[in-house]
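One structure below.
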Amino acid sequence: LDPDAVGAALAGARAGHVFLSTPHNPSGFRTSTADLRSLARHASAAGGYLISNEIYEEFVEPSRAVRAATLVENGISIGSLTKAYGLSGLRLGWVVLGERAAAEREAFEDAVFLQLVDLPTVSLRAGRLAFERREALIAPYGRILAESKPVFERWVAREKRLRIHVPPDGLIAFAEVPGVADTLALARHLAATEQLAVVPGEHFGAPGHVRLGFGSPPERLADALERLSRGLESYTLAPHGRPARLDPAPPVA
């Protein structure tokens, strides 16, 4: 991430907002505090906001977490109950406005009201209960991550068919697959032969990569990684001029 390049792109813009996700999806890496401040300055110079998707920041230790809304006055932070809290079915999230954005709160509320349909009352009540029980909901993910990340790191050290930089925080990594340009075909092969799901880089505009998650319990993760290594080997050896047939059975990881 080059904040100055972002600033150059915003030069002359009528209103230049900066959108980013941190930790980043799919790489899992976080934007530094210094870069967030720099991006916010560039956005402010263009009359805009720094809008930060911080859904994966919930996996970061609270004492180290950084929120754009409290870091800079033109920051806006977006969060959700879908990831660390495991409550994707509720379809609930939140927006926190920094000091400058808070002055325009009514305009933001009007925009949200016009864009979204009111959620069921039961979902809103469940979301409120989730916030009241936040620590209890998020604790299992912390334990799983502490146990599973070393399993993933040991596998990364052994698996030479991928190039992976494991991020310091979170539970996703973006792996380069040298020699494989069509990672959508690879993903189909893994699903068909190993009952394994990975997200191909084509979905992120980065073919030749796959997104991996390592937030499963260690035993399940170890099995999934063994399947991945086996699938990479069979894909390398097999002719794959056309995508593998998808198996209808659900993937295991």
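Key figures
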{"read-out": "Residue within the range 140-163 that is in contact with a strand residue (DSSP E or B) (Cβ under 6 Å, 6 or more places away or on another chain) and not charged (D, E, K, R) present", "value": "yes"}
{"read-out": "Enumeration of residues in the range 112-165 that are small (Gly, Ala, Ser) and in contact with a Ser or Thr (Cβ under 8 Å, 6 or more places away or on another chain)", "value": "Ser148"}
{"read-out": "Subset of the range 174-193 [modelled with pLDDT under 95 and under 24 Å from Ile55 (Cβ atoms)]", "value": "none"}
{"read-out": "Top-ranked residue of the range 143-157 - restricted to ones that are within 18 Å of His209 (Cα to Cα) and touching a residue at least 40 places away in the same chain (Cβ under 8 Å), ranked as surrounded by the fewest Cβ atoms within 10 Å (Cβ to Cβ)", "value": "Trp155"}
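The values are calculated or read from the model by the stated rules, or taken from the named source; none is laboratory data. This is a predicted model, so every value here is computed, not measured. Reconstructed Cβ throughout: ideal geometry from the backbone, glycine too, with neighbour counts over all protein chains shown.
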